[in-house]
Amino acid sequence: MIPRTALTQLAKLLADDLSEGHVGGELRNIGEALASAPGSILDLLDLMAKEARKKRPNQALLDAFAFMLGQSLEVLRYGVESNATEAVEAVSAARAHVRSLALEGKLDTDILLLMLRQFTGAKLELGDDLQEVMAGLLDQEQVSALPGAVEIGEVLADMARACGGDVFALYAELAEQTSALPESHRAGIVAALLAAPDPSLREAAIGWLLDPGAAARRDTAGLLQQAAAAGHVSATMLRRMIAIRNWLPDDERPAVDAVIRACRQNGVDCAPSAAALVRDVLATAIDGSGAQSLFLMVKDGRRQAVAALLLKRGIGVRDAWVNGGLGKADADMFLFQVETQTDCYDGDIDHVRLLLGHALAEAGKSGVLPPFGLVDVIERAGLTTVNPEAITLDSLLAGLLADIPAERRTPAMVAGAINASAAWEDYFPFMDSWFEDDGAIAELLNGKRMSAKGRVALLLDKYLPARRARWAELLAWTALTLRQDESTEEDWMNFALVAHEILGDRPLADIPVMTKIAGKTVEAWQSRR
């Protein structure tokens, strides 16, 4: 546990950094410290509630508390996605504590919104209970955080001007501000946008077709159909809805089809995409959680832009954004920093399309829709439309193995690749994150008196055999990434060969890389304890 006095002192330090527009790396580690002491997260919520109830609350301190909360929840979200019991319980306890504070009358709507935005910012679901609490407070209070119907047009116009007409920046700002509101209120924002005279405001409305809430998405489609019938849906909006349509759940596509038909009936033609030029593509290695980033340097008028994607195995497209208006020197510096600070490899636009198609297919299974920023990325990259297209592990491996010359697939060469895997971590720093972090690990290892070597053997015998497909898949996708880079020809073949062996019946204890993964898993388990 972190004492409350220490939390307050850290928040005061952080408030100074936030006021100056930067946050030190040491302070960012607070999130990890809080996530490892879930009771302190509850104390942090209490401190926020107490400060907000003061006659003159310190807003800078509240913002610092909120930042700390958001950082800790983001760390916990990785654990939740790995099904780590401690993380799941910690997030559940935090949700329950917020609800309890609200029901006890210790939170007004403004501070509750601030708290809930940290959950949504960390991509954690609020749950029905918190949504109901938020809706109840909105019904009871005149909320300063939300403008009334008379003011909302002016507020939106001001935001559009501040974003310089950038539809995606405008949507991101509005989505962040409204993410903690009940879905019916988010639909109200969409209605206000579609009624606005500013085209950028109307164009931002279609972003809510990708809202996390199914009800909000359905309401948005209905509002767009009304707007299309009235001739208020532009050719650009039509093009983007067509791109989005296949990313949606099957039962939601007919509603978007109805909007598209209404546009066609009103004589709206799909706007052509702007010419695109991709200068460079970099793909990071895949970490142990299955996360991979892609960076594309693209033409942005007479300047440059960086388009970025964050993909997560089993989830889909976690993030997508574009940083435009860069000079060539700034763009080159950005790529230089990516190359020096991450394990990354050269790629091409075909590789991006393939990875995106698979990620969208995974999103369809996980239920986590891609962000609206993905539309911006594919337009800048000249991809026009990218549809879900899953790639099975069998087909991925078959394609990789088919590209390996026969002389490299002999039993002796396979044995050499397996032996070489013992030293991979010396050459590929990203493999330091290759370990298991599932809640079942603690159930298997807790309470057993044995050496670290014994625990490694236990994992290889009792746990990892059921995870063969998961690690074979990670190695296979890594091989595909390495294959794009001419400097890693030998390596990608070895990764593919070892992936094939992991998927077979060879004892995992005979595959050095799996022993390394088991060892790092034990180290991670010990660290959490």
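The values are calculated or read from the model by the stated rules, or taken from the named source; none is laboratory data. Model, not experiment: these values are computed from the prediction. Neighbour counts are summed over all protein chains in view; Cβ atoms, including those assigned to glycine, are modelled from backbone coordinates with ideal geometry. Only protein heavy atoms, including side chains, enter the accessible area calculation; ligands, DNA and RNA are left aside. Shrake-Rupley method; radii C 1.70, N 1.55, O 1.52, S 1.80 Å.
Worth a mention:
- Taking θ as phi - 60° and the Karplus parameters 6.51, -1.76 and 1.60, the scalar couplings of region 513-524 work out to 5, 6, 5, 5, 4, 4, x, 5, 5, 5, 4, 5 Hz in sequence order, x denoting glycine and proline.
- Shown in residue order for region 32-43 are the 3J(HN,Hα) couplings computed by the Karplus curve 6.51 cos²θ - 1.76 cosθ + 1.60 at θ = phi - 60°: 5, 5, 5, 5, 7, 10, x, x, 6, 5, 5, 4 Hz (x for Gly and Pro).
- Each peptide in 361-369, 287-295, 494-502 receives the mean, over its residues, of other Cβ atoms within 10 Å, and ordering these scores from highest gives 494-502, 287-295, 361-369.
- At the listed q of 0.11, 0.18 Å⁻¹, the Debye profile of region 203-337, built from one uniform point per Cα, gives log10 I(q)/I(0) equal to -0.54, -1.04.
- Sorted peptide list for 472-479, 30-37, 56-63, criterion being average Cβ within 10 angstrom, highest first: 472-479, 30-37, 56-63
- Cα gyration tensor category, rounded, prolate or oblate, for the chain with a/c compared to 1.5: oblate
- Highest to lowest packing among 190-203, 411-424, scored as the average C-beta count within 10 Å: 190-203, 411-424
- Percent accessible area from carbon and sulfur atoms, the chain, protein chains only, probe 1.4 Å: 50 percent
- Within straight-line cross-link reach of residue 50, lysines at Cα separation under 27 Å, skipping those fewer than 8 residues along the same chain: 12, 106, 123
- Derived scalar couplings between HN and Hα for region 483-492 equal 5, 6, 9, 4, 7, 10, 4, 4, 5, 4 Hz in order, rounded to whole Hz, by the Karplus curve 6.51 cos²θ - 1.76 cosθ + 1.60 (θ = phi - 60°), x for Gly and Pro.
- The mean sequence separation of alpha-carbon pairs under 8 Å and at least six residues apart, normalised by the residue count of the chain, gives a relative contact order of 10 percent.
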